[in-house]
Amino acid sequence: MQTDRSTAPQRAPKKQGRPQRLTALPLWLQILGWFFLNLLLLGSVAALVLFTEFRPVLGALLEGKTGQRLSSLAHEVTDALSTRSRPDWPEVMDSFAQTYEVQCALFRQDGAWLAGEIPHPPAAVLSKLYESAGKQSPPQQAPAPPGQVLARPDNPWDNASASTPARQIIPGLQPPPPEGNRHFVLYEDGLYWIGVRLHPISDGIRQRGPLTLLLASPSPQAGGLLLEVTQWWIAGAVLLGSALFWVPLVRRITVSLRTMRDAAEQMAAGDFEARVPLEGRDELGHLAESLNHLATRLQDFVTGQKRFLGDIAHELCSPVARMEWSLGVLEQKAGTELKDEVQDVREEVAQMSRLIEELLCFTKAGLQTELHPQQLFLAEIINQAAHQENIPAKLLHSRVPQTLTVHADAHLLQRAIANVLRNALRYSGGELPISLEVQTCAPNVQLRICDEGPGVPEAILHRLCEPFFRPETARTRETGGTGLGLAIVKRSVEACGGSVSIRNRTPRGLCVEFILPTGNRA
């Protein structure tokens, strides 16, 4: 049967030797400053796009998959042009333009346009055309033969049209065969220009070349030739980078708040020794300092209250003892007509004496003074507690190994077990069995003390260990105690480094569970 377990409050780790941050800026100013730094980062990325157009990045693309795609395109275009006549080349250019959703045209080495539709290339693009043809600078204009008009390198668009017949190849303008990869990528006039160096094309009569396929696209994707990602992916990457930029500040705030929340929960559970590490001088640092100050004040207040209660109980011991002695003398000298009244007073004084004794035990367990933890045989402590409460051996069903040991204070542990056994005997009518079972789960031992009494309502289970709390059915002198029995149990077990939980059994009965340290850490 699975039981509810409650663990002892865990103290906040005390970090020593950790240097404090010198942050003195208010938290709102830190957030505002981080926001402007983020804007500066995004502005730097935007400036990189606007003023450099990623020229270094575009050049590096040719070394990867983009260069492979352009080389494949060069083979494809070369094969298509080789199988078609010169008048059909514009149709080939239109086909590739529709396939890749770009504008494309075919150019000769001197910058003369041969086929396709494309905007006027800027000077930087024309210069790259010459370089891709193996020239360091635009070729010089050669004397034109009679009746032959040549395209001027400085303005090749003046006399080049789709209907211009194939020009005669002039000696001296023919560049050497291409060496290596002479593709290029540029960003000019708001367009991405892609130059693809084609292989020599033969029409069976002569070899045409070298030729360059020029593509223009307003998008960096260029139909998938340059980039395989969309603008949404680029925007997502920018947003992700911006989010990662905020991670250090957000993490510092959340970690600090989580640490303070854990410390506050420990304080609410009664562990006023919990402290929050001081890591700054901003609002979070001041809040941590205030929590630590609050814990110190609460600890002093509760400790003073316990000491005050213990001192009162201790001071009451002497007059109560004198009252008991005086009642004994009075009982001997009183007549038979006063014996009943004297006996009633004697019972009241005895009840007061038990209450004072329990108050002393409660305060001593809470103050954890004069503790002597040691390795104890659990079965021996149980036998001593049963003997102290006069539990009949026939009612005690113990399945605790004789060699099982726990690390605790002998007096406090015996008192805790004795209180539970006394309650179990009282509420089970003194006739029903009381079972004790253990389960070892290193480094702790789980001890369950269960009876077959009526149990308690589920709504008040969590209050049974509160000082002076008693159920309505346990408020009479015959059935009820002082309301400190289970509170002493909880304080005593926690003083030994353990914890206590209580649950109802099915179909009836109550089970009190101790979790005690064995002292053997795995």
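The values are calculated or read from the model by the stated rules, or taken from the named source; none is laboratory data. Predicted model, so just to flag it, every value in this text is computed and none were measured. Reconstructed Cβ throughout: ideal geometry from the backbone, glycine too, with neighbour counts over all protein chains shown.
Here's the yes/no breakdown for (1) modelled with pLDDT under 85; (2) in a loop (DSSP other than H, G, I, E, B); (3) under 19 Å from Ser435 (Cα atoms):
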position: Arg354; (1), (2), (3): yes, no, no
position: Glu358; (1), (2), (3): yes, no, no
position: His387; (1), (2), (3): no, no, yes
position: Pro392; (1), (2), (3): no, yes, yes
position: Ala408; (1), (2), (3): no, no, no
position: Leu413; (1), (2), (3): no, no, yes
position: Ala418; (1), (2), (3): no, no, yes
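The set of residues from the range 330-354 being of a type in the set (Gly, Ala, Ser) and either in contact with a helix residue (DSSP H, G or I) (Cβ under 9 Å, 6 or more places away or on another chain) or surrounded by 15 or more Cβ atoms within 10 Å (Cβ to Cβ) (or both) comprises Ala334, Ala350, Ser353. Of the candidates Phe54, Phe96, Phe107, the single residue that is at pLDDT 80 or above and under 20 Å from Glu188 (Cβ atoms) is Phe107. The number of residues in the range 217-256 that are among the hydrophobic types (A, V, I, L, M, F, W, C), closer than 27 Å to Thr66 by Cβ and at pLDDT below 80 comes to 12. Just to be sure, is Leu376 part of a strand (DSSP E or B) and surrounded by 16 or more Cβ atoms within 10 Å (Cβ to Cβ)? Yes: the conditions hold for Leu376. Please indicate, with yes or no, whether at least one residue in the range 204-216 is over 16 Å from Tyr130 (Cα atoms) and modelled with pLDDT of 75 or more. The answer is yes, given that some residue of the range 204-216 is over 16 Å from Tyr130 (Cα atoms) and modelled with pLDDT of 75 or more. Each residue in the range 473-498 was checked for being surrounded by fewer than 14 Cβ atoms within 10 Å (Cβ to Cβ) and either under 27 Å from Gln305 (Cβ atoms) or modelled with pLDDT of 85 or more (or both), and 1 of them qualify.
In the range 291-317, the residues that are closer than 21 Å to Phe468 by Cα reach residues that are among the hydroxyl-bearing types (Ser, Thr, Tyr) and in a helix (DSSP H, G or I) with C-beta atoms within less than 7 angstrom, at least six apart or across chains, in these pairs: Lys306/Thr363; Leu309/Thr363; Gly310/Thr363; Ala313/Thr363. For Lys306, the test of being modelled with pLDDT under 80, charged (D, E, K, R) and surrounded by 11 or more Cβ atoms within 10 Å (Cβ to Cβ) is passed. Screening Ala321, Ala274 for residues that are within 36 Å of the chain's Cα centre (by Cα) and not assigned by TED's automatic domain parsing to the domain that holds Glu494 leaves exactly one candidate, Ala274.
Residues checked against (1) part of a helix (DSSP H, G or I); (2) within 27 Å of Leu42 (Cβ to Cβ):
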| residue | (1), (2) |
| --- | --- |
| Gly241 | yes, yes |
| Pro248 | yes, yes |
| Thr254 | yes, yes |
| Asp262 | yes, no |
| Ala274 | no, no |
| Leu278 | no, no |
| His286 | yes, no |
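Beta carbons closer than 6 Å, at least 6 apart along the sequence or on distinct chains, pair a first residue in the range 455-482 that is more than 24 Å from Pro507 (Cα to Cα) and among the aromatic types (Phe, Trp, Tyr) with a second that is modelled with pLDDT of 55 or more and surrounded by 12 or more Cβ atoms within 10 Å (Cβ to Cβ) for Phe468/Gly483; Phe469/Arg463; Phe469/Gly483. Being outside any helix (DSSP H, G or I) and of a type in the set (A, V, I, L, M, F, W, C): is that true of Leu73 here? Considered against the rule, which asks whether it is outside any helix (DSSP H, G or I) and of a type in the set (A, V, I, L, M, F, W, C), Leu73 comes out as no.
Just to be sure before I move on: is His286 closer than 30 Å to Leu29 by Cα and exposed (fewer than 12 other Cβ atoms within 10 Å of the Cβ) in the structure I sent? Against the criterion (closer than 30 Å to Leu29 by Cα and exposed (fewer than 12 other Cβ atoms within 10 Å of the Cβ)), His286 does not qualify.
Ser85 falls short on exactly one of the conditions (1) farther than 21 Å from Arg69 by Cβ; (2) in contact with a helix residue (DSSP H, G or I) (Cβ under 9 Å, 6 or more places away or on another chain), and that condition is (2).
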